[in-house]
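K.L.:
Structure provided below as structure tokens; questions to follow.
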Amino acid sequence: MSHIELRHLRYFIAVAEELHFGRAAERLHISQPPLSQQIQALETHVGATLFYRNNRSVRLTQAGQAFLQEARQILLRVDEAAAQAARIHRGESGNLTLGLTSSAPFMRRVSRTLHHFRLTYPGVNIRIEQLNSKQQIEPLLEGKLDLGIMRNGELPEELAHHLILSEPLIAVVHKDNPLNALPDGELTFQHLADQPFVFFSKDVGTSLYDDILGQLKTQGITPFITQEVGEPLTIIGLVAAGLGVSILPASYLRIQVDGVRYLRFGKAEGTTQLWLVNHARRPMTAATRAFIDLLLREN
């Protein structure tokens, strides 16, 4: 059995469909004697007579009829496997596992890229894992994530990053907070210095914790954190309840909650970055490269 080759199956199918060695040989663009020899060799390998043949006719045996069905399925599966491999090579099929920080879906550039990628590569299975920036690092190192979309922060040397965008920070305040009366562009970090602060818990491990508190520290501000939570939506909800103020990236402007106002800082205040991160030393699939190209080209 180990000596049966795909060409044997193709020769057999041609004879079985033509029921004539001469016509089958013409169809295969070979001469008849080698074709007959190959069929005989196939029967020897199979251990069964596949054709009844005499000077006037060729017919399939019962074993030949059963072998024909299986031979067709084998060649079909081989063709399908080859086509699938080609699609994966072109980035038209396969899998893409993407880590997203919680704010990423609210950014038009990211959501547009996901939409365009789905339309352009419908055969690629996209699996998204919502993880904060620091939580994405280990899966990226282990190959469990192909790409990560995260906030700026410290990365191991094995990981490379591409800047997707920089966005301003905004103040999140209750609608009755006196800070709402400030003229546009005059709000500074200092205005929040004495306000009760709602923010991420350090234990959550989000990069925004280090980034935003680090920027406040450069101005000599240590915020009075009265509520520590794990999710930005919870932060917004607690601000709506009047429990304090907070600072978040401007992408959260798309989340409208009753009782909350978003205030822009003056131009001199901080920004935060969104990065696309991949393993610098691990080969990329074509689908991964296609997603990177789409995201970095997106305006």
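K.L.:
Can you pull out the residues in segment 14-26 that are under 22 Å from R77 (Cβ atoms) and either free of Cβ contacts under 8 Å to residues at least 40 places away in the same chain or surrounded by fewer than 19 Cβ atoms within 10 Å (Cβ to Cβ) (or both)? If you could, list the steps in order and put the result at the bottom.
P.N.:
Residues of segment 14-26 that are under 22 Å from R77 (Cβ atoms), as a first pass: 14-17.
Of everything in segment 14-26, those that are under 22 Å from R77 (Cβ atoms) and either free of Cβ contacts under 8 Å to residues at least 40 places away in the same chain or surrounded by fewer than 19 Cβ atoms within 10 Å (Cβ to Cβ) (or both) turn out to be A14, E17.
K.L.:
With the requirement that a residue be surrounded by fewer than 18 Cβ atoms within 10 Å (Cβ to Cβ), closer than 21 Å to E158 by Cα and among the hydrophobic types (A, V, I, L, M, F, W, C), what does segment 265-295 give you?
P.N.:
A280, M284, A286, I292
K.L.:
Then there is this: What number of residues within segment 1-59 satisfy the criterion of being aromatic (F, W, Y) and part of a helix (DSSP H, G or I)? Write out each step before concluding.
P.N.:
Just the residues of segment 1-59 that are aromatic (F, W, Y), to begin with: 11-12, 21, 51-52.
Now drop any that are not part of a helix (DSSP H, G or I), which leaves 11-12, 21.
Qualifying residue count for the region: 3.
K.L.:
Another question, then. Could you check segment 49-59 and list, in sequence order, the residues that are touching a strand residue (DSSP E or B) at 6+ places or on another chain (Cβ under 9 Å) and either in contact (Cβ under 8 Å) with a residue 40 or more places away in the chain or surrounded by fewer than 13 Cβ atoms within 10 Å (Cβ to Cβ) (or both)? Outline the logic, then answer.
P.N.:
Restricting attention to segment 49-59, the residues satisfying the condition of being touching a strand residue (DSSP E or B) at 6+ places or on another chain (Cβ under 9 Å) are 50-53, 58-59.
Correct list: Y52, V58, R59.
K.L.:
Related question: Taking the conditions exactly as written (assigned by TED's automatic domain parsing to the domain that holds L187, modelled with pLDDT of 95 or more and more than 15 Å from E167 (Cβ to Cβ)), does V229 satisfy them or not? Before the answer, list the steps.
P.N.:
Numbers: assigned by TED's automatic domain parsing to the domain that holds L187: yes; modelled with pLDDT of 95 or more: no; more than 15 Å from E167 (Cβ to Cβ): yes.
When the stated conditions are applied, V229 does not pass them.
K.L.:
Just to be sure before I move on: is Q62 polar (S, T, N, Q), closer than 30 Å to L233 by Cβ and exposed (fewer than 15 other Cβ atoms within 10 Å of the Cβ) in the structure I sent? Talk me through it step by step, then tell me what you get.
P.N.:
Working: polar (S, T, N, Q): yes; closer than 30 Å to L233 by Cβ: no; exposed (fewer than 15 other Cβ atoms within 10 Å of the Cβ): yes.
Here the answer is no, as Q62 does not meet what is asked.
K.L.:
Now, a different point. Residues that are hydroxyl-bearing (S, T, Y), within 29 Å of the chain's Cα centre (by Cα) and in a helix (DSSP H, G or I): does segment 250-257 have at least one?
P.N.:
Restricting attention to segment 250-257, the residues satisfying the condition of being hydroxyl-bearing (S, T, Y) are 251-252.
Those still in the list that are within 29 Å of the chain's Cα centre (by Cα) too: 251-252.
Cutting the leftovers down to in a helix (DSSP H, G or I) gives us 251-252.
Within segment 250-257 (the criterion being hydroxyl-bearing (S, T, Y), within 29 Å of the chain's Cα centre (by Cα) and in a helix (DSSP H, G or I)), the answer is yes, since at least one residue qualifies.
K.L.:
Same structure, new question: D210: at pLDDT below 95, surrounded by fewer than 13 Cβ atoms within 10 Å (Cβ to Cβ) and not basic (K, R), yes or no? Show your work before the answer.
P.N.:
Details: at pLDDT below 95: yes; surrounded by fewer than 13 Cβ atoms within 10 Å (Cβ to Cβ): no; not basic (K, R): yes.
So D210 fails the test.
K.L.:
Suppose the filter is small (G, A, S), surrounded by fewer than 18 Cβ atoms within 10 Å (Cβ to Cβ) and under 30 Å from F189 (Cα atoms); does S166 pass it? Break it down into steps so the answer makes sense when it comes.
P.N.:
Numbers: small (G, A, S): yes; surrounded by fewer than 18 Cβ atoms within 10 Å (Cβ to Cβ): yes; under 30 Å from F189 (Cα atoms): yes.
Answer is yes for this residue.
K.L.:
Hey, any hits in segment 267-277 for a residue that's under 30 Å from A85 (Cβ atoms), among the hydrophobic types (A, V, I, L, M, F, W, C) and touching a Ser or Thr at 6+ places or on another chain (Cβ under 7 Å)? Steps first, answer last, please.
P.N.:
Our first condition is that a residue be under 30 Å from A85 (Cβ atoms); within segment 267-277, this holds for 276-277.
Add one more test, that the residue is among the hydrophobic types (A, V, I, L, M, F, W, C), and what stays is 276-277.
Still in the list and also touching a Ser or Thr at 6+ places or on another chain (Cβ under 7 Å): none.
The answer is no; no qualifying residue exists.
K.L.:
Oh, and also: Mind checking which residues of segment 258-299 are assigned to a loop (DSSP other than H, G, I, E, B) and in contact with a Phe, Trp or Tyr (Cβ under 8 Å, 6 or more places away or on another chain)? Quick ask: steps written out before the conclusion?
P.N.:
We begin by selecting, within segment 258-299, every residue assigned to a loop (DSSP other than H, G, I, E, B); these are 258-259, 265-270, 280-285, 298-299.
If the condition is that a residue be assigned to a loop (DSSP other than H, G, I, E, B) and in contact with a Phe, Trp or Tyr (Cβ under 8 Å, 6 or more places away or on another chain), then F265, E269, G270 are the ones that fit.
K.L.:
Within segment 27-44, can one find any residue that is surrounded by 14 or more Cβ atoms within 10 Å (Cβ to Cβ), of a type outside the set (G, A, S) and either in contact (Cβ under 8 Å) with a residue 40 or more places away in the chain or in contact with a Leu (Cβ under 6 Å, 6 or more places away or on another chain) (or both)?
P.N.:
Yes.
K.L.:
Are any residues in segment 246-299 among the basic types (K, R) and touching a residue at least 60 places away in the same chain (Cβ under 8 Å), and if so, which ones? Step through it out loud before you land on a result.
P.N.:
Step one: filter segment 246-299 for residues among the basic types (K, R), giving 254, 261, 264, 267, 281-282, 289, 297.
Matches in segment 246-299: R254, R261, R264, K267, R281, R282, R289.
K.L.:
Do you know which residues across segment 262-299 are touching a His at 6+ places or on another chain (Cβ under 8 Å) and closer than 24 Å to S201 by Cβ?
P.N.:
W275, V277
The values are calculated or read from the model by the stated rules, or taken from the named source; none is laboratory data. It should be emphasised that the depicted structure is a prediction, and the values quoted were computed from it without experimental measurement. Note that we place each Cβ from the backbone using ideal geometry, even for glycine, and neighbour counts take in every protein chain shown.
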